[in-house]
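Participant: Take a look at this one; I'll ask things after.
The values are calculated or read from the model by the stated rules, or taken from the named source; none is laboratory data. The structure presented is a predicted model; accordingly, all values stated were derived computationally and were not measured. So basically every Cβ, Gly included, is an ideal-geometry build from the backbone, and we count neighbours across all protein chains shown.
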Protein chains: 4
Amino acid sequence: MRSATRYTYLGPEGTFTEAALRTLPEAATRELVPMVSVPAALDAVRSGEAAAALVPIENSVEGGVTATLDELSTGEPLMIYREVLLEIAFALLVRPGTRLTDIKTVTGHPVAQPQVRKWLAANLPDAVWESSASNADGARLVREGRYDAAFAGEFAAATYGLEPLVTGIHDAENAETRFVLVGRPARPAARTGADRTSLVMWQRDDHPGALLEYLQEFAVRGVNLMRIESRPTGEGMGRYCFSVDCEGHITDRRVAEALMGLKRTCAEVRFLGSYPRASAGTSAAGASAAGAGRGERSDERPGTTDGDFVAAADWLARCQDGRA
Amino acid sequence: MRSATRYTYLGPEGTFTEAALRTLPEAATRELVPMVSVPAALDAVRSGEAAAALVPIENSVEGGVTATLDELSTGEPLMIYREVLLEIAFALLVRPGTRLTDIKTVTGHPVAQPQVRKWLAANLPDAVWESSASNADGARLVREGRYDAAFAGEFAAATYGLEPLVTGIHDAENAETRFVLVGRPARPAARTGADRTSLVMWQRDDHPGALLEYLQEFAVRGVNLMRIESRPTGEGMGRYCFSVDCEGHITDRRVAEALMGLKRTCAEVRFLGSYPRASAGTSAAGASAAGAGRGERSDERPGTTDGDFVAAADWLARCQDGRA
Amino acid sequence: MRSATRYTYLGPEGTFTEAALRTLPEAATRELVPMVSVPAALDAVRSGEAAAALVPIENSVEGGVTATLDELSTGEPLMIYREVLLEIAFALLVRPGTRLTDIKTVTGHPVAQPQVRKWLAANLPDAVWESSASNADGARLVREGRYDAAFAGEFAAATYGLEPLVTGIHDAENAETRFVLVGRPARPAARTGADRTSLVMWQRDDHPGALLEYLQEFAVRGVNLMRIESRPTGEGMGRYCFSVDCEGHITDRRVAEALMGLKRTCAEVRFLGSYPRASAGTSAAGASAAGAGRGERSDERPGTTDGDFVAAADWLARCQDGRA
Amino acid sequence: MRSATRYTYLGPEGTFTEAALRTLPEAATRELVPMVSVPAALDAVRSGEAAAALVPIENSVEGGVTATLDELSTGEPLMIYREVLLEIAFALLVRPGTRLTDIKTVTGHPVAQPQVRKWLAANLPDAVWESSASNADGARLVREGRYDAAFAGEFAAATYGLEPLVTGIHDAENAETRFVLVGRPARPAARTGADRTSLVMWQRDDHPGALLEYLQEFAVRGVNLMRIESRPTGEGMGRYCFSVDCEGHITDRRVAEALMGLKRTCAEVRFLGSYPRASAGTSAAGASAAGAGRGERSDERPGTTDGDFVAAADWLARCQDGRA
C-alpha cells in the first residue's frame, strides 16, 4: 500500500533514530513506523509503502553504518533527501528503585558498548555486558528482568517504564550520529550554499592507482571530500567500491564537472543525492536538521566558483567562434 | 601470568576464527584460549598473558572488522605477525533429526546474516532470523532448544552436538575472511617478496586534500595500495584516520621511503607490521597461512625495485662527491 | 593596404620558410612576400596588409623559435591556421667552379651552424664560420664574393646563381622544422581527428606548484601534451609563461574542458588555434601540409572520448532531474 | 696546456659577460680569456686549458641561452660552480661627435634587439637595424665606420674608443642576465641555505605524462622548481629533455631524495651542480655573485626539512627493529 504520509525508521520505538526523526518538522504530520532493520526500513520505501525512511549512516565514534552504506549502493536506487545530526549521550535505564550497586548485568546495542566502555570500567567495573539487538530492545529486556540496566537514550525511559539512573554518559566528547532521510530518486533539494553530495564509485578495473585518480577528479575542480569509505563489492577480497561525500551541490558547476569526470573514469557511479549539511544544534533535542553551522566551503581553490565556470565557458565559446 | 605458548582468539570455540587459527602450524603446540571479544583477545597480548592473538580483520563481503581496526590503531601498540585467509561457507546446524521443513527460527552472528540472506529467502522464506552473539553461540542456543537452526562453520557441529543439515552456504562467491595474528611490537618477519605492510595514518590537520597527498606518497614510489579504510578518530564527525595495507615489505626500499614520506607528512603514522601475503588455499581447511598464490606485485612502476633505489643512491653519492 | 591574397613569410627569398610555404596548395594563387623578420611578417597580418604569414616555430634540433613564440604570446592576438613540417637538409652552395679545397670561409644562419657543425669538422676542419642574417643572405654574400661557401637549402642555388657543391648535409637525423601559417583570429579549421591545439598560459601568481597544476588539468581529462616551452614574461628573472601544444581539437570535449580548466586556473590563457597535425612527407618538396601520418592519439585514457563526455553529461542531467 | 688560473668567457672583450666575470672576487687574480662562442669557452674547460668558463645561461627578457643549455646537457660532463646576476642596460655608443639626429644605422647582438626595440621606435624610428655577432663586435664596427651607433654595455665604450650617447636603455624593467661559472665536475660548493640545484632530465620513453611524473617527484618532497625549459634531444620533432633548476642544495635531504627519485624515473639525469643563489645587487657593477637577497624557500611544505627527514629515518629504523 502506497503512502505518501508514512515514514519508516530503524526501530524499535525509543531508539536514537526515532529521536532524530522527531526533530524533522514534517514528522509531526507523518505516520512513523519502526522497522526491524535498515534493509526493512529501506525496502518499504522501494516498494512504495513508505515515502521515506530515516536510518543512521555514520557515527562519529563507530564510523559508517555498513548496513546503510551497502543498502544505498546496491539494489534499486534510492536517494538521500536530507540529513539529521544527533548528539549521542546515553542514559543508564533501570527498573524503578534499582541502585548503582545493585547492577550486575548491563545490556545495550553492540554499537553502544565502545561508547560507554570507559564509563563502565570506572563506575561498574564488575558488571557483565551482554549485547542486545538495539538499545530499545535492551530497555525492554531490563523491564522484563533479564538484565539489571540498559544503556539507551533518556527518551526511551518512559516508553519502557524505566527510570534514568545516570544520564549524559558518553566516553567520547562530540559523539554524534548522522542520520539520513532516504526516498526514491527525485530532483535534489534546492542548493543552499552549504550542501553535501553523496555518491558511490566502482572501479573500472582493479588497477592500483584508481583511488588516486578519483580523488584527482575532485581535487582538480576544487571539490573537497568530507567522507570516504571503502566497502567490499562482494566480488572477493581486495575488491572495493568507495562511498563518498563531498562539499557542494550537484548544481554547483565544480561538483557537476567532477561528477561527470567520475562517471567517465569509474566503472559505475551512483548519485545518492545533494542535500543541506546539518549541524548538531543546541535545541532541547540536541539535533538540527538543516545546517547553518557547518556551512562554508572549507578551502576555496581559486577559479572554482560558478562564476569562474561560466566565464570559462563563455571564453571557450568565443575561441571556438574565432572571437577570443 | 606471562605465557609464550598461549594464543588467544576471538571465541567462543567453534568459530571461524578458531578454524583459522588451527591452520597455523604452530597452533598444535600452543594453548589456544577463546576470548569473548576482540579487545579481550588483544588485551591479553598487551598484558603479556598471551604471546599472540588471532582476530578477524576483514571479510570480503562485510568489509573491515572495526573492533580490530580500532584496537590496532589505539592504545598500547601491537603488531601484525602474519595473516590467514579462510574461505567462509556456512553450514546450517540443527539438532539431530530436524528436517528443513521443521525450521521456524534460525540464528547466527549478525555478520553471517547478509552472507546467507539469499539462501534463506530461497530455502527458508518463512523462517524468522534472530542474531546471536557469535555463530558458535548460536549453535549453543540451538542445542538448548531456543532456535531450530544456526548458521555456523561445519566444524562447529561436533562441538555442540549438532549435525550439519546443509553445508557450503554462502550468498557471495569468494567469501573469505582475513584474520591476523597480532603480537607485541617486534622485528617484522623476513621479506618474502610477496608481502603486505599495514599502517594507520592520522591527518596533520583536517585539510581537504590530505588523503590525496598520502596516496601520492605511495604512488610516486610505485607502492600499490591493497586496502584503505577510513575510521573516525573519535574527535568529532568528519575526523578520520586511514587504515591502509600496501604491497611490499618495510625493508623494500620503495616501501621504506613511502613510509618515511608519510611519517613526515602525516600527524602520526603507526606501523602495524610487514608480513607474508596469504592466499586462500585448497587444503582441507580451506585456508593457507602463507601465500604463494597472490605473490607478485600487481603493477610494476619502472624504477622502483631495490636495485633501482641502490643505483640511485650510488649516483647521488657520486654527484655529492663530484664523481658523477 | 588590405589583401586577402597576400601571404608574408620570413625572408629573404630562398629560405626554407619559402620552401615550406610553397608546399601549401593555395600558395600558387597567393602573392608571396618575404619579410625581414618574424615580427615584420606577423605585423603585416595584424595590420591587414597580408592575409597570413608563414613563420618557423620549432626546429627538431634547435628547439623553439623564440621570436615566433613571443610574437604569438604578446601584442594583438593572432591564430595558427595550419602547420607545415619540412625536413631540413643543407646544401653547400658555392660560386661555379669552386672546389671543396678552395673553401676558407663559410657562412649561414646561426641556427644552421649546430646542424652542420659535425659535417664541417669532418670535411672542412679549417674553414672559418661567420654567421649571416639568413641562409639566403649567406648565399647572396657568397655570390658577392665575401665568403667562399654558404649553407642553405638546395633550392636557393638557382636564385643566387650558385651551385650546390654538396647536398643532404645535416648532423642530426630527422632534422625538421615546423612552420605555422598565422592569421587573424578566426573560427578554427574543422576537426580532423588528428589535430593539434596551441595555447599560452600565464601563472596566476608565481607559486611553485603552478605548472604541476596546469599539467594536471590536461592529464585528468586525458589530453596529451606534445610540446611545452617556458618563456620569460619580461617581468623579471624566474617569471615564466608556458607555450603549449596538446593533442586534439578545441571542439574535442576533453580538450574543451581542459582549456576551460586552464582558463579558470591560470591568470590568463591565450588560445592560439586548433589545426591538423602535419607529418613530414616523402614528396619532392619533402614537406606535407596536412598530416595523415602522425594522426592517432598517442595514449588513450579511458573515458575521454566525445562519446564518454556526452554520456556523462546525459547522466548528470538525469541525476539533476531525479531520473538517474 | 692546463691552467688553474685561466678563466674563459664568451667574448669578445667588452661584453656583458666580461662585466659579469669581473664581479667575481677571484677574477682579479685570473687570466681572463675571451672566446668566440659558448662552445669554445666550455671546450677550453673540458680540455683543461681553462679552470672555468663564464657564460650566459638565461636572460629575463629573452629566456634561456640555448647554446649554453645544450652544451651543458651533452658531451663531456661539466658542472656549474656559481652564478652571477647582472642587470642589463644598454648604452648607445657612437663615434665622438655623433648626434642622435646623425644616426641612420644601428647594430648590436640579435639578443639586444628586442630589449631596445621600443626605445628605437620612440627615439630613432627611421634608423635601420643590422645585427652583429656580439654587442662588442657591433662597437668595433661603429669605430670602423660601418654603422653609426651600437648598443652595448657602457663599459665597452672606452675599449673601442667610442662614447656613450645615451645610457640606461632597456625596454623591459628588471632586465637581467644570469651567467654561470662552469668547471669540470667537482664536489659542489657548501650548502648556504639559499641554493639552487641544476639538472637535465631525459624521458625514459616518450610517454605523454612523463613531465607530470617528474614534477611530482619534486612536489611530493616539497622541492620548488625555479626554472624549467624543454630542449629538443635531436632525435626528432617532439622529443625533449628538460633543463631544470630547483630550490635547495644536493645535500638538502628533500633535494637528495627528489634527485634519486628522478634518477629512478627518468632515462637519464645529469646533475649540473648546487650553488648559492645570486641576487642582482646595488653595487656599482650592478651585479652580485652570491645571494643574500633571494634566499629563503619560497613555499615551505610541512615535513620537508632536514630534521623531518632525519626523524623519519630514525622512526623507520625503529619500526624495522621492532622498537617503534
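Participant: Write out, first by first residue and then by second, each pair whose Cβ atoms fall under 7 Å of each other, whose residues are 6+ apart or on separate chains, and whose first residue, in the stretch D:258-270, is in the same structural domain as D:C246 (by TED's automatic domain parsing) and closer than 16 Å to B:R253 by Cβ while the second is of a type in the set (V, I, T) and assigned to a helix (DSSP H, G or I).
Facilitator: Pairs found: D:G261/B:V220.
Participant: A further question on this structure: Quick one: which residue in A:S37, A:S3 is surrounded by fewer than 20 Cβ atoms within 10 Å (Cβ to Cβ) and touching a residue at least 40 places away in the same chain (Cβ under 8 Å)?
Facilitator: Values: A:S37 fails: touching a residue at least 40 places away in the same chain (Cβ under 8 Å).
Checking each option against the conditions leaves just A:S3.
Participant: Please specify each residue of the stretch A:178-209 satisfying the condition of being touching a residue at least 24 places away in the same chain (Cβ under 8 Å) and among the small types (G, A, S). Please lay out each step first, then the result.
Facilitator: Restricting attention to the stretch A:178-209, the residues satisfying the condition of being touching a residue at least 24 places away in the same chain (Cβ under 8 Å) are A:178-186, A:188-189, A:191-206.
Within the stretch A:178-209, A:G183, A:A186, A:A189, A:G193, A:A194, A:S198 meet the criteria.
Participant: As an exercise: evaluate C:G222 against (1) at positive phi; (2) without any contact (Cβ under 8 Å) to a residue 24 or more places away in the chain and give the number of the one condition it does not meet.
Facilitator: Every listed condition holds for C:G222 apart from (2).
Participant: With the requirement that a residue be within 11 Å of another protein chain (Cβ to nearest Cβ) and crowded, with 21+ Cβ neighbours inside 10 Å, what does the stretch D:184-207 give you?
Facilitator: Hits for the stretch D:184-207 are D:P188, D:R196, D:T197, D:L199.
Participant: Another question, then. Just name the residue that is farthest from the other protein chains (Cβ to nearest Cβ) out of those in the stretch D:218-241 that are under 30 Å from C:F179 (Cβ atoms) and assigned to a strand (DSSP E or B). Write out each step before concluding.
Facilitator: Taking the stretch D:218-241 as the starting set, the residues that turn out to be under 30 Å from C:F179 (Cβ atoms) are D:227-241.
From what is left, the residues that are assigned to a strand (DSSP E or B) are D:227-232, D:240-241.
Details: D:R227: 7, D:I228: 6, D:E229: 6, D:S230: 6, D:R231: 5, D:P232: 5, D:Y240: 8, D:C241: 10 Å.
The extreme case among them is D:C241.
Participant: Residues of the stretch D:4-36 being under 18 Å from D:A112 (Cα atoms) and outside any helix (DSSP H, G or I), which ones? First the steps, then the outcome.
Facilitator: Step one: list which residues in the stretch D:4-36 are under 18 Å from D:A112 (Cα atoms), which gives D:10-20, D:36.
D:L10, D:G11, D:P12, D:E13, D:G14, D:T15, D:V36, listed by residue number.
Participant: Mind listing whichever residues of the stretch C:217-236 are farther than 24 Å from D:M237 by Cβ and touching a Leu at 6+ places or on another chain (Cβ under 7 Å)?
Facilitator: C:E217
Participant: Filter the stretch D:63-84 down to residues that are buried (at least 24 other Cβ atoms within 10 Å of the Cβ) and more than 16 Å from D:D43 (Cα to Cα) and give me whichever is modelled with the lowest pLDDT.
Facilitator: Checking each candidate, the answer is D:G64.
Participant: Any residue that is surrounded by 24 or more Cβ atoms within 10 Å (Cβ to Cβ), under 29 Å from A:F242 (Cβ atoms) and among the aliphatic types (A, V, I, L, M) - is there at least one of those in the stretch A:109-128?
Facilitator: Yes, some residue in the stretch A:109-128 is surrounded by 24 or more Cβ atoms within 10 Å (Cβ to Cβ), under 29 Å from A:F242 (Cβ atoms) and among the aliphatic types (A, V, I, L, M).
Participant: What single numbered condition from (1) in a loop (DSSP other than H, G, I, E, B); (2) within 11 Å of another protein chain (Cβ to nearest Cβ) fails to hold for A:T98?
Facilitator: Going through the list (1) in a loop (DSSP other than H, G, I, E, B); (2) within 11 Å of another protein chain (Cβ to nearest Cβ), A:T98 breaks only (2).
Participant: Does the stretch C:297-304 contain any residue that is part of a helix (DSSP H, G or I) and either at pLDDT 95 or above or buried (at least 18 other Cβ atoms within 10 Å of the Cβ) (or both)? Full working, then the answer.
Facilitator: Going residue by residue through the stretch C:297-304, those that are part of a helix (DSSP H, G or I) are none.
No, that holds for no residue.
Participant: In the stretch B:208-217, is there at least one residue being outside any helix (DSSP H, G or I) and crowded, with 19+ Cβ neighbours inside 10 Å?
Facilitator: Yes, there is a match, as at least one residue in the stretch B:208-217 is outside any helix (DSSP H, G or I) and crowded, with 19+ Cβ neighbours inside 10 Å.
Participant: Report the residue count in the stretch D:159-201 for those that are within 22 Å of the chain's Cα centre (by Cα), modelled with pLDDT of 95 or more and part of a strand (DSSP E or B).
Facilitator: Selection size over the stretch D:159-201: 13.
Participant: State which residue is farthest from the other protein chains (Cβ to nearest Cβ) when the search covers only the stretch B:142-156 and only residues that are surrounded by fewer than 18 Cβ atoms within 10 Å (Cβ to Cβ) and closer than 22 Å to A:D137 by Cβ.
Facilitator: B:G145
Participant: OK, next. Do you know which residues across the stretch D:209-249 are polar (S, T, N, Q) and more than 21 Å from C:L69 (Cβ to Cβ)? Before you say what the answer is, go through the steps one by one.
Facilitator: Applying the first criterion (polar (S, T, N, Q)) to the stretch D:209-249 yields D:216, D:224, D:230, D:233, D:243.
The answer is D:Q216, D:N224.
Participant: With respect to C:V244, determine if the residue is within 20 Å of the chain's Cα centre (by Cα), on the phi < 0 side of the Ramachandran plot, in contact (Cβ under 8 Å) with a residue 40 or more places away in the chain and not in a loop (DSSP other than H, G, I, E, B). Can you show your working first?
Facilitator: Details: within 20 Å of the chain's Cα centre (by Cα): yes; on the phi < 0 side of the Ramachandran plot: yes; in contact (Cβ under 8 Å) with a residue 40 or more places away in the chain: yes; not in a loop (DSSP other than H, G, I, E, B): yes.
The answer is yes for C:V244.
Participant: Within the set of pairs 6 or more residues apart or between chains, which connect a residue that is surrounded by fewer than 24 Cβ atoms within 10 Å (Cβ to Cβ) inside the stretch C:85-103 to a residue that is of a type in the set (K, R) with Cβ atoms less than 8 Å apart?
Facilitator: C:R95/C:R143
Participant: On to the next question. Would you mind telling me which numbered condition in (1) part of a helix (DSSP H, G or I); (2) over 23 Å from C:D137 (Cα atoms); (3) at pLDDT 95 or above D:L93 fails?
Facilitator: (1)
Participant: Please verify whether the stretch C:120-134 includes one or more residues that are within 21 Å of D:A112 (Cβ to Cβ) and in the same structural domain as C:T17 (by TED's automatic domain parsing).
Facilitator: no
Participant: Here's a follow-up. Give the residue, chosen from A:E83, A:E71, that is closer than 22 Å to A:A4 by Cα, within 14 Å of another protein chain (Cβ to nearest Cβ) and part of a helix (DSSP H, G or I). Working first, answer last.
Facilitator: Numbers: A:E83 fails: part of a helix (DSSP H, G or I).
Going through A:E83, A:E71 in turn, just one is closer than 22 Å to A:A4 by Cα, within 14 Å of another protein chain (Cβ to nearest Cβ) and part of a helix (DSSP H, G or I): A:E71.
Participant: Checking the condition more than 7 Å from every other protein chain (Cβ to nearest Cβ), at pLDDT 95 or above and touching a helix residue (DSSP H, G or I) at 6+ places or on another chain (Cβ under 7 Å), which residue from A:D252, A:D245 passes?
Facilitator: Details: A:D245 fails: touching a helix residue (DSSP H, G or I) at 6+ places or on another chain (Cβ under 7 Å).
Testing whether each residue is more than 7 Å from every other protein chain (Cβ to nearest Cβ), at pLDDT 95 or above and touching a helix residue (DSSP H, G or I) at 6+ places or on another chain (Cβ under 7 Å) leaves just A:D252.
Participant: Let me spell it out: the conditions are (1) away from chain A (no Cβ under 14 Å); (2) under 25 Å from B:S37 (Cβ atoms), and B:S134 meets all of them except one. Which number is the exception?
Facilitator: (1) is the only condition that B:S134 fails.
Participant: Here's a follow-up. What's the number of the only condition in (1) buried (at least 22 other Cβ atoms within 10 Å of the Cβ); (2) over 13 Å from the mean Cα position of the chain (by Cα); (3) in the same structural domain as A:E268 (by TED's automatic domain parsing) that A:T29 fails to meet?
Facilitator: So the condition that A:T29 fails would be (1).
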